[in-house]
1. Would you pick out the residues in the range 91-114 that are in contact with a Cys (Cβ under 9 Å, 6 or more places away or on another chain) and either buried (at least 17 other Cβ atoms within 10 Å of the Cβ) or within 17 Å of Gly52 (Cβ to Cβ) (or both)?
2. What number of residues in the range 17-30 are charged (D, E, K, R) and surrounded by 13 or more Cβ atoms within 10 Å (Cβ to Cβ)?
3. Quick one: how many residues across the range 31-49 are surrounded by fewer than 16 Cβ atoms within 10 Å (Cβ to Cβ) and within 19 Å of Gly91 (Cα to Cα)?
4. Being in a loop (DSSP other than H, G, I, E, B), at pLDDT 95 or above and not β-branched (Val, Ile, Thr) is the filter here, so list the residues in the range 68-92 that pass it.
5. Could you list, in sequence order, all residues of the range 82-110 that are touching a Gly at 6+ places or on another chain (Cβ under 6 Å) and charged (D, E, K, R)?
6. Just to verify a result, which residue in the range 7-47, among those that are among the aliphatic types (A, V, I, L, M) and more than 20 Å from Gly75 (Cβ to Cβ), is modelled with the highest pLDDT?
7. Val88: surrounded by fewer than 17 Cβ atoms within 10 Å (Cβ to Cβ) and over 19 Å from Ser25 (Cβ atoms), yes or no?
Amino acid sequence: MRGNPVVGTYSTGTSTVTWADGRKSVDTYTCIGTTQPANNRIFDAHTICDAGNADGTYTAIFGCNFTSKDMRSTGCVGGLIGRTGKYVGMGGTITFGGATGGGTGTGTWAKSGQ
């Protein structure tokens, strides 16, 4: 193989979401990701997560670039797709920035143009 190897990741966990009205929810997530080949990429890595809480489930799809030489910090942008519950018929955007073990981001939801 030429260049950097492609690496895959798998993670599960929880995240605390603070809504615009100040309400908080704890979402559980399962994510998989892969780095991209050095000769054919717009992002360093792509990640997809299935997540949800008592109100429903959704999928988040990210493109991420490493922001540190050790590749433990990333900046990501992506989209949200509602799956069940209050998220059905919804879509949105999401950002994330952080390092291994934590970070912050923003998200917006809107009715999808289905």
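The values are calculated or read from the model by the stated rules, or taken from the named source; none is laboratory data. Computed from a predicted structure; not experimentally measured. Neighbour counts are summed over all protein chains in view; Cβ atoms, including those assigned to glycine, are modelled from backbone coordinates with ideal geometry.
1. Across the range 91-114, the qualifying residues are Ile94, Phe96, Gly105.
2. 1
3. 1
4. Across the range 68-92, the qualifying residues are Arg83, Gly89.
5. Lys86
6. Val26
7. Here the answer is no, as Val88 does not meet what is asked.
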